[in-house]
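Scroll down for the structure; my scribbles are underneath it.
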Amino acid sequence: MATRQRGRPRSFDREAALEKATLAFWEHGYETTSVADLTRVMGIGAPSLYAAFGDKKALFEEVVGAYAESYGSFGTRALEAEPTARAGIARMLREAAAAYTDPARPRGCLVIAAAINCSTPEVARALRDRRNANLAGMESRIRADIATGRLPPGTDARALARFSGAVLQGMSQQARDGATKEELEAVAEAAMRAWP
């Protein structure tokens, strides 16, 4: 016996609605973006939002995943594509300067910006875990380069990864504060001069 779907078929483009939600959370953060804000920018009613995405937290989790696969994927690509940790992180910082100041979308990084003033423990933890995973990826590449002699044996891989992460996160906030692409590229260059 076949089961029929209850209710009316979806009358909106789910991917387009997800993109609009991404931009709203990116611009305003998790905490200050209300369900009413989301339904307004997505062009759907609350029942449609809940039916398609679940609650606000579930929608945000999907947004962060989609962001990591699209706008935020430059960091992972850089680390995977470049032959050394130094080249990968240099490329990541250069590409961050362009991505964080792109006039076609909100400035900075959604994963960093959405965490500011976030009082929802599960959301704050998920964002922190994602940022820590990025640091672990940098540290792993740095450790590999120490093991192969591309970096000096006394290099503190953890500290160098944290330094690079702090630069990346700081660039996001500086972009939100109005820094230009060129100013952030200069920050990236200065950061790489600090590498051993």
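The values are calculated or read from the model by the stated rules, or taken from the named source; none is laboratory data. All of these numbers come straight from a predicted model, not from anything done at the bench. Glycine gets a Cβ as well: all are built from the backbone with ideal geometry, and neighbour counts include every protein chain shown.
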Of those in segment 125-143 that are hydrophobic (A, V, I, L, M, F, W, C) and closer than 20 Å to residue 77 by Cβ, the residue surrounded by the most Cβ atoms within 10 Å (Cβ to Cβ) is 142
How many residues of segment 10-39 are outside any loop (DSSP other than H, G, I, E, B) and charged (D, E, K, R)? The answer is 6
- Has segment 66-85 got at least one residue that is small (Gly, Ala, Ser) and over 19 Å from the mean Cα position of the chain (by Cα)? yes
Exception for residue 111 within (1) of a type in the set (A, V, I, L, M, F, W, C); (2) more than 19 Å from residue 12 (Cβ to Cβ); (3) in contact (Cβ under 8 Å) with a residue 60 or more places away in the chain falls at (3)
Per the list (1) more than 16 Å from residue 169 (Cβ to Cβ); (2) among the hydrophobic types (A, V, I, L, M, F, W, C); (3) modelled with pLDDT under 95, residue check on residue 104 breaks on (3)
Those helices (runs of 4 or more DSSP H) completely within segment 111-196 that have 1 or more residues that are charged (D, E, K, R) and within 27 Å of residue 58 (Cβ to Cβ) are 121-147, 157-176
Among the residues of segment 149-190, the number that are over 17 Å from the mean Cα position of the chain (by Cα), buried (at least 16 other Cβ atoms within 10 Å of the Cβ) and either of a type in the set (Ser, Thr, Tyr) or not assigned by TED's automatic domain parsing to the domain that holds residue 87 (or both) is 1
Counted residues in segment 73-108 being in contact (Cβ under 8 Å) with a residue 12 or more places away in the chain, of a type outside the set (Ser, Thr, Tyr) and within 20 Å of residue 166 (Cβ to Cβ) come to 20
Over segment 111-144, the set of residues among the polar types (S, T, N, Q) and under 15 Å from the mean Cα position of the chain (by Cα) is 132, 134
